[in-house]
Amino acid sequence: MKFVALFLFALLSASSAFSDELLAGAGRVDITRPGADAGSNPPLVKALVLSRGGTNAVIITLDAVAVAEIGSIRDPYLAEVRTALTESFGIGPESVLVNASHCHALVADDIAERTIEAVKLAWESRVPVKAGAGVGHEDSIMENRRLKMKSGAEIDVRHAYALPPDDEVAAVGPLDPRIGLLRFDRIDNGQPLAVIYQFACHPIQGVPGGGNTADLTGFASQVIEANLGDGGATALFLQGCGGDINPVLYKSVNLPRDGEMHGNKLGLSALAGLRQIETNADVPLAITSEILTLPRADLAPRITEMEKEIDGLVDSLKGTKLNFETFLPLYVKYHLNGDFPSESSHRYLQDELLKKEDWKTLDANNAAAMDAYLRNIRVMEDLTRRQINLALLERHQAANVKAGKTVEAEVVSLRIGEFRLVTFPAELTVEVGLGIREKSPHPLTFVSGYTNGYLYYAPTVAQMKNRGGAQEDSDCLLASEWQGIFEGTALRLLGE
């Protein structure tokens with residue numbers, strides 16, 4: 001009898017897997033680390049299983065910093081999940097896409113088991129659906145953290161080091177305000193079953209108390225789920241090319257850090273686009289993956305250069321007669337009244353009447369002392385930035401020497417109707433995604449990093465010339481040839 005039941009289950013699974021209809025099922029599981037309560041915005045693993053004909057596509061989203069390498073998730077997480085899905089459901093490894101939102105949530109150690117459970121829930125709940133794609137727009141919650149300096153250099157905005165002086169900043173980098181949207185409606189009752197929204201922004205704003213959280217994208221998903229259709233849809237967030245995109249107010253010292261405000265805006269903007277999408281049943285489904293072999297960088301020459309630059313900055317520090325206690329009141333006083341900073345105006349006028357320059361001489365000496373002190377401060381801030389980024393270069397150089405000259409990277413190509421997605425396992429900067437989209441033959445083309453692995457940052461060839469200046473360019477183990485190899489592969493897959 002048990003054999004008959006298993007045979008019938010297998011038969012039903014096979015018949016649904018080869019259905020001419022587009023089938024979709026969604027599942028979710030809480031992945032909060034025990035003892036690290038996340039309140040009303042817990043990290044989740046969500047799964048969307050799509051089937052049509054003999055094709056299955058499994059889209060898994062994690063409220064976590066990365067798919068292994070950094071953060072709470074460790075290898076062989078991805079291999080374990082893929083093996084289990086192959087054994088349990090006959091889903092091949094090439095059909096599985098796992099994207100991390102890059103929020104810094106603390107997740108449970110048994111993340112692989114919880115991921116498999118989410119996929120199981122999705123697989124077993126598949127129903128016929130209609131699908132449609134579109135775009136939303138949001139440009140108020142993020143900023144490009146790369147600052148183009150008047151000197152020609154580029155630096156970035158991080159908590160690890162100070163902002164540069166305003167008078168040295170010339171421009172900022174670009175944004176991608178597009179929200180890539182997919183909507184799946186049940187055929188039986190017309191209600192939304194699931195949505196995918198893809199956007200480029202680091203979800204690192206946190207919550208006021210500094211606790212565990214799925215951050216702004218978790219809040220955004222809640223807004224979408226509560227307000228779309230009958231409230232039963234599952235919203236899955238795909239991180240885009242957010243390597244150099246920060247949430248606005250990231251460095252604010254005047255407001256508590258709170259990702260809910262950003263998430264609410266993103267969720268409402270996604271909803272506006274989702275409500276404009278028309279769904280239909282005749283939607284092609286295709287997914288494939290390729291393994292690229294990419295060259296690792298030899299960072300030794302740049303490390304040597306940076307060590308000399310740092311030595312030069314240290315040598316440029318000069319002694320000053322001021323310390324912070326004497327500098328600060330002088331600085332305030334001289335900026336309150338530039339004409340008569342040291343005393344009341346009549347004292348200066350009396351000096352002028354007597355043809356003396358006692359106060360002017362004092363002011364000139366104080367101004368020179370403040371300038372010298374400020375020069376040292378700026379040098380020290382520059383030193384901090386360079387030393388932190390040098391440490392990143394040294395770490396990756398040591399890893400590259402140990403690992404060899406190449407590294408493998410998996411690229412996934414997903415098509416759902418007019419929606420085209422290509423992925424890469426690193427923190428892509430926004431210009432990488434914008435460049436591929438501009439060259440793609442398909443208007444609804446989107447590029448996601450943070451998928452099926454983690455290779456740290458992947459900046460453009462031009463940005464790599466700035467190694468040591470910004471984290472994106474320094475926290476990178478790849479050689480500059482990576483971009484041409486990836487873009488060529490992505491555009492070829494998009495053309496198929």
**Fill in**
The exposure ranking of 197, 454, fewest beta-carbon neighbours within 10 Å first, is 454, 197
**Item:** Lysine pair count for the stretch 304-390 [Cα-Cα under 23 Å; pairs on different chains or 8 or more apart]
**Value:** 5
**Request:** In Å³ and rounded to a whole number, note down the convex hull volume per residue for the Cα atoms of the stretch 304-390.
**Result:** 101
**Asked** What FRET efficiency comes out for the pair residue 167/residue 462, r = Cβ-Cβ distance, R0 = 35 Å, nearest 0.05?
**Response** 0.90
**Prompt:** For the chain, what is the relative contact order in percent, using Cα pairs closer than 8 Å and at least 6 residues apart in sequence?
**Reply:** 17
**Prompt:** Around residue 421, with a cut-off of 13 angstrom between Cβ atoms, what is the net charge of the other residues, counting Lys and Arg +1 and Asp and Glu -1?
**Reply:** +3
**Request:** Would you calculate a helix-derived [θ] at 222 nm for the chain, using -39,500 (n - 2.57) for each DSSP H run of n ≥ 4 and dividing by the full residue count, to the nearest 500?
**Result:** -12500 deg cm²/dmol
**Peptide ranges 227-235, 412-420 listed from the most packed, as the mean C-beta count within 10 angstrom indicates** = 412-420, 227-235
**Message:** Report D for the stretch 106-253 in µm² per second (integer): Stokes-Einstein, Kirkwood Rh on Cα pairs, 25 °C, 0.890 mPa s.
**Reply:** 136
**Message:** With an 8 Å Cα cut-off and a minimum separation of 6 or more residues, compute the relative contact order for the stretch 304-390 in percent.
**Reply:** 48
**Complete:** The exposure ranking of 294, 313, fewest beta-carbon neighbours within 10 Å first, is 313, 294
**Item:** Sequence-separation-based contact order of the stretch 73-118, relative, with Cα cut under 8 Å and 6+ spacing, percent
**Value:** 51
**Message:** Spelling out what I want: for every residue of the stretch 445-459, take phi, set θ = phi - 60°, compute 6.51 cos²θ - 1.76 cosθ + 1.60 (Karplus), and round to whole Hz; glycine and proline get x.
**Reply:** 9, 9, 10, 10, x, 6, 10, 6, x, 8, 10, 6, 8, 9, x
**Prompt:** At a Förster distance of 30 Å, what's the computed FRET efficiency of residue 491 paired with residue 391, Cβ-Cβ distance as r, to 0.05?
**Reply:** 0.25
**Prompt:** Considering only the other residues whose Cβ falls under 12 Å of the Cβ of residue 388, what net charge follows from Lys and Arg at +1 and Asp and Glu at -1?
**Reply:** -1
**Request:** For the stretch 242-364, build the convex hull from the C-alpha positions and give me its volume per residue in Å³.
**Result:** 286
**Prompt:** ³J(HN,Hα) across the stretch 309-316 via Karplus (A = 6.51, B = -1.76, C = 1.60, θ = phi - 60°), whole Hz, x for Gly/Pro?
**Reply:** 4, 5, 4, x, 5, 4, 5, 7
**Item:** Residue-count net charge about residue 208 - beta-carbon cut-off 13 Å; Lys, Arg +1, Asp, Glu -1
**Value:** -2
**Request:** Select one label from (i) 0.99; (ii) 1.17; (iii) 1.05: the one whose number is Cα Rg over 2.2 N^0.38 Å as derived from the coordinates shown.
**Result:** (ii)
**Request:** Any chance you could check the Cα centroid distance between the stretch 269-344 and the stretch 103-158 for me, in angstrom?
**Result:** 22
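The numbers here are math on the coordinates, done by the rules we state, and not lab data. For clarity, every value in this text was computed on a predicted model and none was experimentally measured. In this analysis, Cβ positions are derived from the backbone assuming ideal geometry, glycine residues included, and neighbour counts consider all displayed protein chains.
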